[in-house]
Amino acid sequence: MVGTMTYEGAQWNAGLEVLHALVQSGEEAYFVGGCVRDALLGRRASDIDITTSAAPELVMRLFPDALPTGLKHGTVTVRRAGFFFEVTTFRQEAGYSDGRRPDEVFFVRDVREDLARRDFTINAMAAGADGGIVDPLGGVTDLRASAVRAVGEPAQRFGEDALRIVRCVRFAAEFGFAVDGPTWAGVLACRDKLGLIAMERIGAELDKMCAGQDPGRAFGLLLAAELPERFKAPLPGTWLAGLRLAARETEGVSRGDRADGGSDPGEGRGLARYVPIRADADLRWAALLLAGRASKADAEDVLRRLHFASKRMKRVAAVIGLHAGLDAGSEEESLRRSWTLAVLDYGTEAAADWLRLFEDGAVREAHGIPEALRSAAPGWTAALPAARISELAIRGDELAALSGEPAGPWIAIALRELLEQVALGALANDAQSLREAFMRKRRAT
Ligand code: ATP
Ligand code: MG
């Protein structure tokens, strides 16, 4: 990590053009926040934000194709070389009477005042076009010390906007940092204000944790500080209790034992083993839900409370439903049977997801997945003569014609029974065999 910035690549160059245009019109302009932090850490920034002394109207005039995305708060979106930059006028905020957003924002002349409104010192650095860093709050020092430290008085800052509590956990987990003692004390002192924060915003932060570097530690910290039970829509207590148990089973480090009362990077590591870090965020969610022994209904409950899109919720729930259907025994025959029925119930995509989730041996071990199941299951799926009703060599209307009865819900049930027999190898998937099996069943009932 260095003390000045070097700008390389198309995105930074486009950003520099924006800075130069602002500076040429006599204003100050800097890169600011997460992009500076990430660059100093040698990480690639997702988006580059710019802060400037220029009033939003001037920014709009300088960049005719700029979008007034948040004019009231001083934010204008500028496009350069295919990249988008949020350009925000230096500002301060006042009067967080509702614990989530300022009653008032006002523009200021000094970049240091703008930096002082930001949440953590590592997020409160600005960098000029020459690479020089404006760091009045000691962000570089805290980056070097691997510490998340609130800007200003922690309890006051967390009280202004309780989302910062959750962000504190996210940054600690993302960078493998400790949380500074007074900052952690502020988290604990202000956590009851979490109920003021909209669940969409909490959900977005938790999802970033899950997609990030160390979801296990992130959730370990959330649990250690007892945050999820304080959300506006509290996450189900049975799942949280299950997660705590899982964390303790593997926890190598005791919690909250730092001399200054802060939170060590080692804290909360107990859940990490359960999470497949090579899998995508949805499967990591599935892993965390399973680690806490969530049922399919619990999983849907958790993800609904966090405002997940229904497509993602269904994907996660399918993996968990499939998992719940598996026989935990070790008899090859019963394993295969339960796998096959679970694949029919939840589909081959959920099956592929389950296999991806448990690809890693350590993750399997944490979840107690029999090796025999994981290694045999892909072959079992591949060998299925039919995995869905559409793959049967007979159609519903044929069954209706054979029986002479009007079509109805009974057809889906009959097809599903045939599918089960075919998938389990008890019946050949050809029209003749299927017709015969259907008629046999009808005569018998
Ligand atoms: P990342 O985008 O990697 O999650 P980031 O630091 O860019 O991290 P953003 O949410 O994009 O985070 O916010 C950009 C910057 O705005 C932050 O770096 C911080 O300076 C400031 N900021 C964001 N949210 C808050 C908040 N709730 N309170 C105070 N400052 C904030
Ligand atoms: Mg950002």
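The values are calculated or read from the model by the stated rules, or taken from the named source; none is laboratory data. Just so it is clear, the structure is predicted and the values come from calculations on it, not from any experiment. A quick note on method: Cβ atoms are made from the backbone with ideal geometry, for glycine too, and the neighbour counts reach across all protein chains shown.
Checking every residue in the stretch 4-13 against the condition of being closer than 20 Å to residue 125 by Cα, more than 16 Å from ligand 2 (Cβ to nearest atom), assigned to a helix (DSSP H, G or I) and not basic (Lys, Arg) gives at least one match. All conditions in (1) crowded, with 24+ Cβ neighbours inside 10 Å; (2) outside the structural domain of residue 12 (by TED's automatic domain parsing) hold for residue 124, with the sole exception of (2).
Checking each residue of the stretch 10-23 against the condition of being crowded, with 17+ Cβ neighbours inside 10 Å, in contact (Cβ under 8 Å) with a residue 40 or more places away in the chain and within 16 Å of ligand 1 (Cβ to nearest atom) gives at least one match.
Does residue 87 satisfy the condition of being within 14 Å of ligand 1 (Cβ to nearest atom) and either under 30 Å from residue 146 (Cα atoms) or without any contact (Cβ under 8 Å) to a residue 24 or more places away in the chain (or both)? Before you say what the answer is, go through the steps one by one.
Details: within 14 Å of ligand 1 (Cβ to nearest atom): yes; either under 30 Å from residue 146 (Cα atoms) or without any contact (Cβ under 8 Å) to a residue 24 or more places away in the chain (or both): yes.
So residue 87 passes the test.
Just one of the listed residues (351, 286) is part of a helix (DSSP H, G or I), surrounded by 14 or more Cβ atoms within 10 Å (Cβ to Cβ) and in the same structural domain as residue 163 (by TED's automatic domain parsing), namely 286.
The single condition from (1) within 16 Å of residue 287 (Cβ to Cβ); (2) touching a residue at least 60 places away in the same chain (Cβ under 8 Å); (3) part of a helix (DSSP H, G or I) that residue 341 fails is (1). The helices (runs of 4 or more DSSP H) found entirely in the stretch 355-440 that carry 2 or more residues being under 26 Å from residue 319 (Cα atoms) and of a type in the set (A, V, I, L, M, F, W, C) are 361-367, 371-382, 409-423. Just so you know, in the stretch 36-47 the residues that are buried (at least 18 other Cβ atoms within 10 Å of the Cβ) and touching a residue at least 60 places away in the same chain (Cβ under 8 Å) include one that is farthest from ligand 2 (Cβ to nearest atom), and it is 40. Taken over the stretch 197-214, the residue count meeting the criterion of being away from ligand 2 (no atom under 16 Å from the Cβ) and small (Gly, Ala, Ser) is 2. Contact annotation: residue pairs with Cβ atoms under 6 Å, 6 or more positions apart or on different chains, pairing a residue in the stretch 407-418 that is closer than 10 Å to residue 396 by Cα with a partner that is buried (at least 19 other Cβ atoms within 10 Å of the Cβ), are 411/399; 414/399.
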